[in-house]
Amino acid sequence: MNSVNSGRALPWALVTPALGWTLLFFVLPFVAMAVSSLTAHEGGGFTLSNYSQFFANPSYWQAMVNSLQVTAIVTVISVLLAYPFAWILAEQVPERWQRLALMLAVLPFWTSYVVRSYSWLLVLAQNGVVNRALTGSGLFSEPLQLANTRLATITGFVHFFVMLLTLTIFANLKQLSPSYRKAAADLGAGPLRTFLHVVLPLTLPGIMVGAFLTFVLCIGDYITPQILGGNNELLMPQLVMMQIGRRGDFPLASALSIILMAVVTIAYLACARWLKIERA
Amino acid sequence: MSVNPKTPNPTVRNPLSFLKRYLQGACAAAALLLAAGSLAQAQDLNALIWCDHADPALLQPFEEANGVKVNVKEFEGTGAGLAIVEQSQPGDWDVMVIDSIDIPRGVEKGLFEPLQEDKLPLVDLFPQVKMDSSTVVDGKRYGITEKFGYNTIGYNKTKVDPADMQSLAALTGDKYKGKIAIYDYYLPVIGMAALAIGKKTAELTEADLPAIKEELLKMKANAKLVGEVTASQTALATGEVDILVGGGEWVTAGLAKENPALDFSIPKEGAVLWSQSLAMFKDSKNKDLALKFIQYIMSPEGQARLATSSCYWGMPANSKAALSDEQKKILRFDEQPEFLARALPYPAPNADLDKKMQDVWTEMLQAQ
């Protein structure tokens, strides 16, 4: 009997640190944020006005629309670029060079996020490399406005998330048994058909995991749109930060954050079937 | 022939499972770093500051003279600063840099200690920047202005006609469309928009907001970007834009050596006077040291170092600041009496109007 109890207790004992960590650094802050979002900024007391402001103010609502648009574009472009890249790494690069190739692929991760964003600002600036190349080659007579636009924000995001997606898709491709391709070939499928009907469906979990991570990190990112977007439109994280800067309106910032989190939760539910972590 | 992606496949583990092993090492490393960070804390003078106070050239002389360490934490925006204080234990902080107009907010929260006027060089301050309406509450002084300047028009004089920069109308005309950046802080730029339509910054009401919004939208239509301090400076310095709405000596002076073409004007409609103050916390455990720090910052030497801090330059509040002739020339020190006479105070709205102003600013940012 005792051995049965101790057998049950051991898994709980092992999982307790993780539960404690989650409770301390996720559940408690989340509850505090939820309570704050229901508190009036001036004078305290219960209120729903922080939420109603979001739905009543078209500028606030527009920030969510902007965030969703930018995130969707970034996610789609990143997947389209990362998949072939990961496939080349996994399938075309010799095994002994894959480690080095992967390291080179994620090299930009080693630089600071802020530095990377400012670097893009200089690259896309009026006198930057891109505009010099475009005007120097005679394609355009005047420099284009590339920096401080949505395009610049998307470029900065894609640069970062292509690497992330490459890692998840590469990991998925490497686990794929070669026997699937052989079986498909035995059954008369050509390379394209094998890819579309075997490889792609089996690597869908890798794509979805990467896409979900991209979605979550992108929709919550403040730095990239702030540096590269030129504040010519606001995204949700910028709107949240605006409430804190001078006025210290944490209740409204909390409500906006909860709404943003609700959107992420919806995205999670949509991808949930691909995000289950299996036991090793 | 096709494989159903819903069907679990024993040979293909989820990539999260594949990568999670590597996360364990990362978590352990993060825990070690956190532990190391907590050990690094020292107990001397703890200051909540703006970036200009983080310059070692400013802090080191004080630290060496007093044998202490000044621990600084940078913040941006009074709301963020007060939030840090609220999340701290009483006595954690000794001094704070704060917008002069926001000192009453700190006093209302019971945070600040009255300063002894006889121990401060108040007589040496430019009279217009003493800001007694904000720094003195109920007859007690809670802050002292340490640095000031103007939110006005910063520009590249080789790219624009300096004569045009003598009027705020240049910001909404067609001549410089696409060559303008707007400093991303709603209070001073709303103040400038108010000046452009003939309103006084100290008398703004909710009824003025529609006209101010219209003026802001005209500025936005001409602007290439709306940027915070670094982005604004970068845009002007790299030639991305030629004019910065809300700019002033705080942008142009620090870049004068690299780019002497940058300058600022005080247009005929006026400019907005910004000022930052130092305050001491009521619960400070080092009040004597805190006072010494304030006295050092307000001394001619401290003022010169603060005015020319690597983060941003600004005019020293103390008229006896030990600036070199070249530094005075860059800051246009001798022209200050004229500038101050034409400058209007920073808008200081109540909480309700402040919220409405910020919403107007949000609408301007979202406008396409």
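The values are calculated or read from the model by the stated rules, or taken from the named source; none is laboratory data. What you see is a predicted model, and the numbers here were worked out from it, not measured in a lab. Neighbour counts are summed over all protein chains in view; Cβ atoms, including those assigned to glycine, are modelled from backbone coordinates with ideal geometry.
Among residues that are facing chain B (nearest Cβ under 9 Å) and more than 22 Å from A:VAL106 (Cα to Cα), A:SER137 is not included. Determine which member of the set A:LEU38, A:LEU102, A:LEU81, A:LEU24 is surrounded by fewer than 16 Cβ atoms within 10 Å (Cβ to Cβ) and at negative phi. Result of the check over A:LEU38, A:LEU102, A:LEU81, A:LEU24: A:LEU24.
Per the conditions (1) at negative phi; (2) surrounded by fewer than 21 Cβ atoms within 10 Å (Cβ to Cβ), the sole criterion not satisfied by A:GLY138 is (1). For region B:80-131, a tally of residues being assigned to a helix (DSSP H, G or I) and of a type outside the set (Ser, Thr, Tyr) returns 24.
Within region A:114-134, the set of residues being more than 10 Å from chain B (Cβ to nearest Cβ) and free of Cβ contacts under 8 Å to residues at least 24 places away in the same chain comprises A:VAL115, A:SER119, A:VAL123, A:VAL129, A:VAL130, A:ASN131, A:ARG132, A:ALA133, A:LEU134.
Which one of these is without any contact (Cβ under 8 Å) to a residue 24 or more places away in the chain and out of contact with any Lys or Arg (no Cβ under 8 Å at 6 or more places or on another chain): B:SER319, B:SER284, B:SER310, B:SER324? Please lay out each step first, then the result.
Working: B:SER319 fails: without any contact (Cβ under 8 Å) to a residue 24 or more places away in the chain; B:SER284 fails: without any contact (Cβ under 8 Å) to a residue 24 or more places away in the chain; B:SER310 fails: without any contact (Cβ under 8 Å) to a residue 24 or more places away in the chain.
Unique residue meeting the criteria: B:SER324.
For A:PHE170, the conditions (1) surrounded by 22 or more Cβ atoms within 10 Å (Cβ to Cβ); (2) within 8 Å of another protein chain (Cβ to nearest Cβ); (3) assigned to a helix (DSSP H, G or I); (4) at pLDDT 90 or above all hold with the exception of (2).
Per-residue answers, yes or no, for (1) touching an Asp or Glu at 6+ places or on another chain (Cβ under 6 Å); (2) assigned to a loop (DSSP other than H, G, I, E, B):
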{"site": "B:ASN259", "(1), (2)": "no, yes"}
{"site": "B:GLU269", "(1), (2)": "no, yes"}
{"site": "B:SER275", "(1), (2)": "no, no"}
{"site": "B:ASP283", "(1), (2)": "no, yes"}
{"site": "B:ILE297", "(1), (2)": "yes, no"}
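Residues in region A:173-211 that are more than 10 Å from chain B (Cβ to nearest Cβ) and either β-branched (Val, Ile, Thr) or in a loop (DSSP other than H, G, I, E, B) (or both): A:GLY190 only.
Please tell me if A:THR214 is assigned to a helix (DSSP H, G or I), under 26 Å from A:VAL74 (Cα atoms) and either more than 7 Å from chain B (Cβ to nearest Cβ) or touching a strand residue (DSSP E or B) at 6+ places or on another chain (Cβ under 8 Å) (or both).
Working: assigned to a helix (DSSP H, G or I): yes; under 26 Å from A:VAL74 (Cα atoms): yes; either more than 7 Å from chain B (Cβ to nearest Cβ) or touching a strand residue (DSSP E or B) at 6+ places or on another chain (Cβ under 8 Å) (or both): yes.
Yes, satisfied.
Only one of B:SER324, B:SER310 is within 20 Å of the chain's Cα centre (by Cα), surrounded by fewer than 19 Cβ atoms within 10 Å (Cβ to Cβ), in the same structural domain as B:VAL136 (by TED's automatic domain parsing) and of a type outside the set (Phe, Trp, Tyr); which? Answer to the check: B:SER310.
Look at A:SER119 and say whether it is assigned by TED's automatic domain parsing to the domain that holds A:LEU196 and under 18 Å from the mean Cα position of the chain (by Cα). No, not satisfied.
Is it the case that B:SER324 is of a type in the set (S, T, N, Q) and over 30 Å from B:SER167 (Cα atoms)? Let's see the steps before the verdict.
Working: of a type in the set (S, T, N, Q): yes; over 30 Å from B:SER167 (Cα atoms): yes.
Yes; evaluated as a whole, the condition is true for this residue.
For region A:217-228, which residues satisfy the criterion of being part of a helix (DSSP H, G or I) and surrounded by fewer than 20 Cβ atoms within 10 Å (Cβ to Cβ)?
Applying the first criterion (part of a helix (DSSP H, G or I)) to region A:217-228 yields A:217-219, A:223-228.
Correct list: A:LEU217, A:ILE223.
Take the conditions under 18 Å from B:GLY239 (Cα atoms) and not in a strand (DSSP E or B) and apply them to B:TYR176. Does it pass? It is true that B:TYR176 is under 18 Å from B:GLY239 (Cα atoms) and not in a strand (DSSP E or B).
Report whether or not A:VAL31 is modelled with pLDDT of 95 or more, over 23 Å from A:GLY248 (Cβ atoms) and hydrophobic (A, V, I, L, M, F, W, C).
Numbers: modelled with pLDDT of 95 or more: yes; over 23 Å from A:GLY248 (Cβ atoms): no; hydrophobic (A, V, I, L, M, F, W, C): yes.
Criteria not met by A:VAL31.
Exactly one residue among A:ALA253, A:ALA267 is surrounded by 21 or more Cβ atoms within 10 Å (Cβ to Cβ), touching a helix residue (DSSP H, G or I) at 6+ places or on another chain (Cβ under 7 Å), more than 22 Å from A:ARG116 (Cβ to Cβ) and more than 7 Å from chain B (Cβ to nearest Cβ), and that residue is A:ALA253. Scanning region A:144-167 for residues that are at the interface with chain B (Cβ under 10 Å from one of its Cβ atoms) and over 20 Å from the mean Cα position of the chain (by Cα) yields a total of 3. When region A:198-229 is limited to residues that are at pLDDT 90 or above and of a type in the set (Gly, Ala, Ser), the one that is farthest from the chain's Cα centre (by Cα) turns out to be A:GLY229. When A:GLU95, A:GLU91 are checked against the criterion of being more than 27 Å from the chain's Cα centre (by Cα) and among the charged types (D, E, K, R), A:GLU95 stands alone in meeting it.
Is it true that B:TYR346 is of a type in the set (Ser, Thr, Tyr) and within 30 Å of B:ASP208 (Cβ to Cβ)? Even if it seems obvious, please write down each step before you answer.
Numbers: of a type in the set (Ser, Thr, Tyr): yes; within 30 Å of B:ASP208 (Cβ to Cβ): yes.
Yes; evaluated as a whole, the condition is true for this residue.
Of the candidates A:SER52, A:SER36, the single residue that is more than 22 Å from the chain's Cα centre (by Cα) and touching a residue at least 40 places away in the same chain (Cβ under 8 Å) is A:SER36.
Scanning region B:339-368 for residues that are surrounded by 17 or more Cβ atoms within 10 Å (Cβ to Cβ), of a type outside the set (A, V, I, L, M, F, W, C) and not in a helix (DSSP H, G or I) yields B:PRO345, B:TYR346, B:PRO347, B:PRO349. Of all residues in region B:201-228, those that are more than 14 Å from chain A (Cβ to nearest Cβ) and within 21 Å of the chain's Cα centre (by Cα) total 2.
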